[in-house]
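The values are calculated or read from the model by the stated rules, or taken from the named source; none is laboratory data. Quick caveat: nothing in here was measured; it's all calculated off a predicted structure. A quick note on method: Cβ atoms are made from the backbone with ideal geometry, for glycine too, and the neighbour counts reach across all protein chains shown.
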Amino acid sequence: MPSTARCTTLPPPAIRLAGVSHAFGTVEAVRDVSLEFAAGSFTALVGPSGCGKTTILRLIGELETLGKGSLERERDTTLGFAFQEPRLLPWRNVRDNIALPLELAGAPRAERHARALEALDRMQLADAALRFPHQLSGGMKMRAAIARALVSRPRVLLLDEPFGALDEVTRHELDLALRMLWEAERFTAILVTHSIPEAAFLAERIVVFSPRPAQLVAEITTPLGTRDARTWTRDDLGACVREASDALLAAIAGSRA
Amino acid sequence: MTTRVRHTVADHPATRLVVPILAAASAIGLWAGIKAAFHISDYLLPSPFAVLRAFNEQPRVYLAATAESAFCASLGFLIAAAGGIALASALSIFRIVERGIYPLTLLFQMVPLIAIAPLLVIWFGYGRPSIVACATIVSIFPVIANTLAGLRGRDAGLEELFAILGAGRRTTWWKLALPSSVPSMLTGLRIAAGLATIGTIAGEFIGSDRQPLGVLITSNLRASQTAAVFASVLLAACVGFALFGAVSVLGRVILARWLRGV
C-alpha cells in the first residue's frame, strides 16, 4: 500500500530551468531552454560539439551567471563536479586529492582520510590511494576525479563529458562503474556527452540540443527510464540510440537550412 | 614485423658521469695542445700544469679564499632566495602593489653592478657586507621573476575547482598557487645560484679585508701571475658549480614527489 502512495506523489524536481538563455558577449550560447530534473534521476545532455550543452551544465552548477530565465534548486543542494579533465593536484597523492573538498570545508584529518578511502573504494581505486597522479592511467585519474566529486556525498552530480578523452574499453569500464554507483546511491546525475550510445546506456532520459545556440529539440526516455527496466533488450537500446541520433541529425540539418 | 625501441649510447646511465669527465679532459688536452702548438707565452696562457703548480705552491691560501668566497656567495644567494620569494609572494597577493613595485624590481637587473659596487661599500661597509649585498642584488631578480610567473601561471581548471569548493583567496594561494609555483621557483633559484657567485667575485674586486678569490685575482693580475689568476678563476667557477649543484639536487628531491624527469 505505501508503495502505491509513493507513486502517485511524484517527488518535486531537484532542479528546474525555465526560459533560460545565455550569451557570451555577442555569441548566443543557449536559447530559451526549459528543463526539469527529478531528484534521483539520470539525465544526459546531447548535442553537436560547441552547441552550448556544457554552458547549460555550468549554469546549473552556477559556474556561469544566469543571463535570462530562472534556475530553481532546492536550497542547500550539495553539488559534485567532474570535468573533461581530471583536474588533480600533481603534488598530492590520490587520497589527499580526493580529500580536498573535505579539507577545504574544514573537516578533521582522520575523517578526511576515512571518507576519501571510502570514496576510492566506491570507484574501485583503493589500491592507488597513496600513488601520485602521474603514476595513474587516464582511466584511473578519471576514477579519482569522480571519487572526489562524490566524497562529500552530493545530492547532485554534474558530469561534463568526463570520459571523452578515454579509449573505448576504459570508457565502457567507467560507464559501468558510474552506472552501478548511481543505481546504488541514486543521486541526481546530469551528464554532458556527445556519445549517444553512452547517453543511452547511462541515462534514463536523453535531452537533445540543436547546434548553437542550444535549443531543446527532443527529450527521449531510454530503456533504463521505463518502468520495466529489467526486461529491456539490446534492441530497445539500439532503437533509443537511433531515435536520439535521428533527432540530432534533424536538428543539425534544420540549422543548416 | 616487430618494432624495436632504439637504445642509443646516450641512454646509458654511465654516460651521465663519463661523458662530462671525458669532455673536461679533452678541453684540458686541447688547451695544452694549443699552447704548445702556437708557442703562446706563459703570461698570456699558462699551461694546465702551471696552473696546478700555482695552486700547489699555496694550497691553503687558495682553499681559504675559496671558502671565503663560497661563504659570501651562499649567504648572498640565501638572502636573494628568501627575499625574492617573499617579495614575489607579496606581489602576487597584492595586485595593486605589483603594478608599482614590479617595474622597480627590474632595477636590480638593469643597474650595472660594477657601477654601484663602490656605492655598496659606502652603504654596507667594506668587506663581507658589501660583497654579500653585491651577490644578493645580481641574483634576486631571477628569483622574483620566476617565482611570480609560477604563482600567476596556475591552471585555470584547478583554479575553478578551488572556487567551486568554496576556497577563499588565502586558501587558494597556500594550497594551489604556492605549490604550483615550485617548479618555476626552482628554475629561478638555479639561475640565481650562478649569478650569486658572479656577484660575489665582482664585489670582491672592489676590495676586502680578507683574502677571497676576487682579491687573489686582482692582486695576481697586478703581479702578472697569470697562472695564479687562472687557478683562482677555476676555483670561482667551482664555487658556482657547487652552489648550482646544491640547488639542483634540492630541486630534484622536492620535485621527485610529483614530477618525473625534471
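May I ask you to say which residue of A:GLU72, A:GLU36, A:GLU64 is farther than 23 Å from A:GLY225 by Cβ and at pLDDT 85 or above?
On the way: A:GLU72 fails: farther than 23 Å from A:GLY225 by Cβ; A:GLU36 fails: farther than 23 Å from A:GLY225 by Cβ.
Going through A:GLU72, A:GLU36, A:GLU64 in turn, the sole match is A:GLU64.
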Exercise for review: Test each condition in (1) loosely packed, with under 15 Cβ neighbours inside 10 Å; (2) part of a loop (DSSP other than H, G, I, E, B); (3) away from chain B (no Cβ under 14 Å) for A:GLY40 and report the one that comes out false.
Suggested key: (1)
Practice item. For A:GLU243, indicate whether it is assigned to a helix (DSSP H, G or I) and in contact with an Asp or Glu (Cβ under 9 Å, 6 or more places away or on another chain). Key: no
Study note, to complete from the structure: Checked the stretch B:157-204 for anything of a type in the set (A, V, I, L, M, F, W, C), within 17 Å of B:ILE144 (Cα to Cα) and within 14 Å of chain A (Cβ to nearest Cβ); matches are B:TRP173, B:ALA177, B:LEU178, B:VAL182, B:MET185, B:LEU186
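Can you find a residue that is under 19 Å from A:GLU219 (Cβ atoms), under 20 Å from the mean Cα position of the chain (by Cα), surrounded by fewer than 19 Cβ atoms within 10 Å (Cβ to Cβ) and assigned by TED's automatic domain parsing to the domain that holds A:VAL192 anywhere in the stretch A:73-93?
Initially, the stretch A:73-93 is screened for residues under 19 Å from A:GLU219 (Cβ atoms), giving none.
Looking through the stretch A:73-93, none of the residues is under 19 Å from A:GLU219 (Cβ atoms), under 20 Å from the mean Cα position of the chain (by Cα), surrounded by fewer than 19 Cβ atoms within 10 Å (Cβ to Cβ) and assigned by TED's automatic domain parsing to the domain that holds A:VAL192.
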Exercise for review: Taking only the stretch B:36-76 into account, find how many residues are outside any helix (DSSP H, G or I) and closer than 15 Å to B:GLN211 by Cβ.
Suggested key: 1
Point to revise | Subset of the stretch A:54-69 (residues that are assigned to a loop (DSSP other than H, G, I, E, B) and within 13 Å of the chain's Cα centre (by Cα)) | key: A:GLY61
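Are any of the residues in the stretch A:167-186 within 14 Å of chain B (Cβ to nearest Cβ) and either among the aliphatic types (A, V, I, L, M) or in a helix (DSSP H, G or I) (or both)? Walk me through it before giving the result.
Within the stretch A:167-186, the first condition is being within 14 Å of chain B (Cβ to nearest Cβ), and the residues that meet it are none.
Scanning the stretch A:167-186, I find no residue that is within 14 Å of chain B (Cβ to nearest Cβ) and either among the aliphatic types (A, V, I, L, M) or in a helix (DSSP H, G or I) (or both), so the answer is no.
Kindly indicate the residue of the stretch B:204-236 that is farther than 19 Å from B:GLN58 by Cβ and assigned to a helix (DSSP H, G or I) and also modelled with the highest pLDDT among those meeting that condition. Talk me through it step by step, then tell me what you get.
At the first step, the residues of the stretch B:204-236 found to be farther than 19 Å from B:GLN58 by Cβ are B:205-207, B:209.
Narrowing further to those that are assigned to a helix (DSSP H, G or I): B:205-206.
Working: B:PHE205: 92, B:ILE206: 88.
Among those that are farther than 19 Å from B:GLN58 by Cβ and assigned to a helix (DSSP H, G or I), it is B:PHE205.
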Point to revise | Filtered residue count, the stretch A:123-141, keeping only those that are surrounded by fewer than 15 Cβ atoms within 10 Å (Cβ to Cβ) and within 13 Å of chain B (Cβ to nearest Cβ) | key: 3
Revision key, fill the gap. Restricting the stretch B:182-202 to residues that are of a type outside the set (Ser, Thr, Tyr) and touching a Pro at 6+ places or on another chain (Cβ under 9 Å), the one surrounded by the most Cβ atoms within 10 Å (Cβ to Cβ) turns out to be B:ALA192
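Please determine, by comparing only the residues of the stretch A:70-118 that are part of a loop (DSSP other than H, G, I, E, B) and away from chain B (no Cβ under 14 Å), which one is farthest from B:GLY168 (Cα to Cα). Spell out the reasoning first.
Within the stretch A:70-118, the subset part of a loop (DSSP other than H, G, I, E, B) is A:74-78, A:83-93, A:99, A:105-108.
Adding the requirement that they be away from chain B (no Cβ under 14 Å) leaves A:74-75, A:108.
Values: A:GLU74: 24, A:ARG75: 22, A:PRO108: 18 Å.
Restricting to residues being part of a loop (DSSP other than H, G, I, E, B) and away from chain B (no Cβ under 14 Å), the top hit is A:GLU74.
With B:ALA73, B:ALA81, B:ALA65 as the choices, which residue is at pLDDT 95 or above, farther than 22 Å from B:LEU189 by Cβ, of a type outside the set (Asp, Glu) and crowded, with 20+ Cβ neighbours inside 10 Å?
Values: B:ALA73 fails: farther than 22 Å from B:LEU189 by Cβ; B:ALA81 fails: farther than 22 Å from B:LEU189 by Cβ.
Being at pLDDT 95 or above, farther than 22 Å from B:LEU189 by Cβ, of a type outside the set (Asp, Glu) and crowded, with 20+ Cβ neighbours inside 10 Å holds for just one of B:ALA73, B:ALA81, B:ALA65, which is B:ALA65.
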Review point. Checking A:GLY164 against (1) within 30 Å of A:ARG75 (Cβ to Cβ); (2) surrounded by fewer than 23 Cβ atoms within 10 Å (Cβ to Cβ); (3) touching a strand residue (DSSP E or B) at 6+ places or on another chain (Cβ under 9 Å), which single condition isn't satisfied?
Key: (1)
Check your understanding: Which of the residues that make up the stretch A:194-250 are of a type in the set (Phe, Trp, Tyr) and surrounded by 19 or more Cβ atoms within 10 Å (Cβ to Cβ)?
Key -> A:PHE201, A:PHE209
Practice item. Name the one entry in B:ALA24, B:ALA32 that is within 24 Å of B:LEU213 (Cβ to Cβ), in contact with a Pro (Cβ under 6 Å, 6 or more places away or on another chain) and of a type outside the set (Val, Ile, Thr). Key: B:ALA32
Revision key, fill the gap. In the stretch B:84-122, anything modelled with pLDDT under 80, outside any helix (DSSP H, G or I) and not hydrophobic (A, V, I, L, M, F, W, C) is listed as none
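It is to be established whether one or more residues within the stretch B:136-153 are under 30 Å from A:LEU157 (Cβ atoms), within 14 Å of chain A (Cβ to nearest Cβ) and either assigned to a helix (DSSP H, G or I) or of a type outside the set (A, V, I, L, M) (or both). Even if it seems obvious, please write down each step before you answer.
Taking the stretch B:136-153 as the starting set, the residues that turn out to be under 30 Å from A:LEU157 (Cβ atoms) are none.
No, the stretch B:136-153 contains no residue that is under 30 Å from A:LEU157 (Cβ atoms), within 14 Å of chain A (Cβ to nearest Cβ) and either assigned to a helix (DSSP H, G or I) or of a type outside the set (A, V, I, L, M) (or both).
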